[in-house]
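For reference, the structure discussed in these notes is given below.
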Amino acid sequence: MRREPPQRLADYGPLFFPAGMLTVFFVVPFATMIAVSFFQREQGGFYTAAFVFDNYARFLSLFFGKVLGFSLFLAVAVAVACVVIGIPFTYLLSRSPRKIQIVWLVALLSILSLSEVMIGFAWSTLFSRTAGITNLFVWLGLMVQPQALTPSFGAVMTAMTYQAFPYTVLVLYPALVRLDPTLTEAARTLGASPVKAFFTVVVPALRNTILATLIMVFIFALGSYLLPQLLGRPQHWTLSVLITDQAIYQSNMPFAAAMAVFLVLVSLALVGLALYAGQQRQAK
Amino acid sequence: MSGLNLSHVTKQFGNFTAVNDVSLSVPDGTFVCLLGPSGCGKTTLMRMIAGLDLPTGGSIELGGADITTVPTHRRELGMVFQSLALFPHLTVGENIAYSLRIRGTPKDAQKKRVDELLAMIHLPGFADRSVAKLSGGQRQRVAIARALAISPKLFLLDEPLSALDAKLREAMQVELRQLQQRLGITTIVVTHDQREAMTMADTVVVMNGGEIRQAAAPVDIYRRPADSFVADFIGQTNLLPVEADSAGRASVLGEVVEGIALPAGTAKGLLSVRPEDVQLTAPGHGAIAGTVTFIRDLGGAIETFMEAGGAQVIAVSAPRNRPDVSVGQSVGIRLDPATSVVLAR
């Protein structure tokens, strides 16, 4: 099919709607947030228009640096966990009978219908001492007495991985289904065990998809603010939790906005770095 | 016993029998073509030889050892897939070196072998190219080189040339056969193209319905088909009903043909006559009476279609022996007993 570049203004017509949506729901709020981040906070009140760097200056402290570092670490850990579990899972899923695939995909899609609050409380119940899975372990004789698994870093990780897992599978699934199954068979005839074939053929052939999945889950996990509060200790709180705290409970909109802007910039920089690294390896 | 030996190999998928009790002996260094229509079980048989599918019955021996349940990666074989299955994330050189890398061959030995193989497939200096930028024929050669990198005991090719255009395919058939003869490697090719099988194979194995119908040299398959399926599948043939008359002589389409005998105790059969063995003469004098219905002049050969006793008979002649007939004309058809084969009906 021959495609010609748009000639007249009307040719750009199909782009107007998405452009409008993007402007109304992303550009305008984000611009507002950037503007607010430079405003002056009024003690006990709201804020007044100004152009000060106080909000950013306050942010440059060891405390916030640690929180930012932990947020990024948590997001990366969740992304890696999702991909590490998701690739073998989706690979096996894509090789199973159609009926089994449909059941799994419907189950995974139904997780998406659960809100973060429900996921959080479900896991806090599962990890509790009185009604949690440790009671099952005691019954099975694996533990002496039930104990609480929450609040802890493990609990936060588990719930966040659980929440992001359906997205991981949905992004990996089309690529794995399209992957020529004879590639692994060819690797096996060439002397690679099934496991070796998986790591030397399937994983490298999917490098771009894996990178895209990592970035997507990373961004998704960076925005999580409910699960760290429900299942973690204060040291497991992410920057998103602090932003919520500042914006809603402390009524410090300018400071919350500054943190949000900073978080966006840092994550954009990391995504850019990941893409750049991916391209470098491709060029090689 | 060396070579590849299949005995009573059977593969069932649920209630469907893909391969039924196949026994076949392939001596070392021979080139075998598994030939048959799609769904005849030839690919399944090859996959079992490769270990990609496990037989539900029977056993497979290679070089005296039972390999029926040995995993694919320990069978030391080379296989070219129909899709070629070149690894998209590796260069030409890395693709070819894959089996060596998996076995932990030193880097410089890998490089030496890759250069050797690239020279063999007439693509020297292609090591650093991306496989995506190769032409169909080049991809084909790379797939062959990759399969041969470890000098395998057994070289398997599943419809290897089906993606190529007709001219290139014929050239590759000759090249593949010459390569196999030079290396002396036991080779099995799955194909549905009988010209391909005739060009390359020492032994053609004709399969249908999961069973071997005949395994023999190409010329024997063509000249002495074992049954009507083989006769019809290999090349063009006239399958004409033969009946024994009251005196016990064989008659074809109402005329007694001297020199043809039905097996003792049978009254009916089918006579397979290749179109080039059908002779046209004047009607009468003991020739089968026929009427010309169509003439196809292909330039290199002339096909004359005739109707005789309710059956269609095709004769093929070279241009210099062009029969002097026209559509609608009555002709006499003569069959040569020496080149005709009586088959069970």
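The values are calculated or read from the model by the stated rules, or taken from the named source; none is laboratory data. Just so you know, these numbers come straight off a predicted model, no measurement behind them. Note: ideal-geometry Cβ built from the backbone for every residue, glycine included; neighbour counts use all protein chains shown. All accessible areas refer to the heavy atoms of the entire protein, side chains included, with ligands and DNA or RNA removed. Shrake-Rupley method; radii C 1.70, N 1.55, O 1.52, S 1.80 Å.
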What's the percent breakdown of Cα-Cα distances in the range B:159-233 across 10 Å bins, shortest bin first? 18, 49, 30, 3
Reachable aspartates and glutamates, given that their alpha-carbon falls under 19 Å from the alpha-carbon of B:Lys167 and they are not under 8 places away in the same chain: B:Glu159, B:Glu175, B:Asp193, B:Glu196
Relative to chain B, whose Cα atoms define the longest principal axis, helix B:92-102 and its Cα axis are tilted in degrees, nearest 10, by 70
Between chains A and B, total accessible area buried, probe 1.4 Å, no ligands or nucleic acids, nearest 100 Å², roughly 1700
Between B:Gln82 and A:Leu273, what is the label-to-label distance in nm when each label sits 7 Å out along the Cα-to-Cβ direction? 4.8
Against the rule of thumb 2.2 N^0.38 Å, how large the Cα Rg of the range A:1-116 comes out: 1.77
Cβ-based charge dipole, the range A:59-283, positive-most Cα from A:Val83, A:Val106, A:Thr182: A:Thr182
Taking Rh as the Kirkwood radius, which is the inverse of the mean 1/r over Cα pairs, what is the Rg/Rh value for the range B:1-151? 1.02
Which of B:Lys42/B:Lys133; B:Lys112/B:Lys153; A:Lys196/B:Lys42; A:Lys196/B:Lys11 exceed 23 Å between C-alpha atoms? The answer is B:Lys42/B:Lys133; A:Lys196/B:Lys42; A:Lys196/B:Lys11
In deg cm²/dmol and to the nearest 500, what is the mean residue ellipticity at 222 nm of chain B if only DSSP H runs of at least 4 residues count, each as -39500 (n - 2.57), divided by the residue total? -7500 deg cm²/dmol
Taking +1 at the Cβ of each Lys and Arg and -1 at the Cβ of each Asp and Glu, which of A:Val36, B:Gly125, B:Phe229 sits farthest along the dipole of the protein assembly as shown towards its positive end, judged by Cα position relative to the Cα centre? A:Val36
Over the range A:59-283, with the other protein chains present, what is the accessible area per residue in square angstrom, probe 1.4 angstrom? 49
At q = 0.06 Å⁻¹, what is the log10 ratio I(q)/I(0) for chain B, with the Debye formula run over Cα points and no solvent? -0.30
Per residue, what volume in Å³ does the convex hull of the Cα atoms of the range B:208-344 enclose? 128
Just to be sure I understand: with springs between alpha-carbon atoms less than 10 Å apart, which residue in B:Met120, B:Met207, B:Met198 has the highest mean-square fluctuation in the Gaussian network model of chain B? B:Met120
Leaving out ligands, DNA and RNA, and with a 1.4 Å probe, what % of the accessible surface on the protein assembly as shown is carbon or sulfur? 61
Would you look at the GNM of chain B, springs on alpha carbons closer than 10 Å, and say which of B:Arg274, B:Arg129, B:Arg141 moves the most? B:Arg129
Most mobile of B:Ala264, B:Ala132, B:Ala119 per a Gaussian network model of chain B (Cα springs, under 10 Å)? B:Ala264
Along the dipole axis of the protein assembly as shown (charges at Cβ: +1 for Lys and Arg, -1 for Asp and Glu; origin at the Cα centre), the most positive-end residue among B:Ala149, A:Gly65, A:Phe199 is A:Gly65
Simple spin-label estimate for B:Arg345 and B:Gln12 in nanometres, 7 Å along Cα-Cβ: 3.5
Mind pulling the angle between the C-alpha long axis of helix B:107-120 and the longest principal axis of chain B? Nearest 10 degrees, somewhere in 0 to 90. 20
Would the range B:66-172 count as rounded, prolate or oblate if I go by the C-alpha gyration tensor, calling it rounded below 1.5 in a/c and otherwise prolate when a/b exceeds b/c, oblate otherwise? oblate
Under a 5 Å amide H to amide H cut-off, with H placed in plane at 1.01 Å, what residues pair with B:Arg129 once short-range neighbours are removed? B:Val92, B:Gly93
Gyration tensor over alpha-carbon atoms, the range A:201-264, equivalent ellipsoid semi-axes in Å: 32, 14, 7
Peptide ranges A:29-37, B:250-258 listed from the most packed, as the mean C-beta count within 10 angstrom indicates: B:250-258, A:29-37
How large is the Rg to Rh ratio of the range B:143-194 when both quantities use alpha carbon positions and Rh follows Kirkwood? 0.95
Note: B:Val219 to B:Ser25 extended length (0.36 nm per residue) minus current alpha-carbon separation gives 67.9 nm
May I ask you to derive the relative contact order of chain B, considering only C-alpha pairs under 8 Å and at least 6 residues apart, and to give it as an integer percent? 15
Given Cβ point charges of +1 (Lys, Arg) and -1 (Asp, Glu) and nothing else, what value in debye, to the nearest 20, does the dipole of the range B:234-345 about its Cα centre take? 120
Counting pairs of alpha carbon atoms under 8 Å apart in space and at least six apart in sequence, what relative contact order in percent does chain A give? 27
Using the Cα gyration tensor of the range B:145-278, with a ≥ b ≥ c the square roots of its eigenvalues, what is the shape: rounded (a/c below 1.5), prolate (a/b larger than b/c) or oblate (neither)? prolate
Where nothing but the Cβ of Lys and Arg (+1) and of Asp and Glu (-1) is charged, how large is the charge dipole of chain A around its Cα centre, in debye to the nearest 20? 800
Taking the Cβ of A:Arg95 as the center, what net charge do the other residues with Cβ under 14 Å away carry, scoring Lys and Arg +1 and Asp and Glu -1? +2
State the Cα centre-to-centre distance between the range B:3-53 and the range B:116-186 in whole Å. 23
Under the Kirkwood approximation for Rh and a Cα-based Rg, what ratio Rg/Rh is obtained for the protein assembly as shown? 1.16
From the alpha carbon gyration tensor of the range A:59-283, can you work out the equivalent ellipsoid semi-axes (sqrt of 5 times each eigenvalue) and give them in Å, largest to smallest? 34, 26, 15
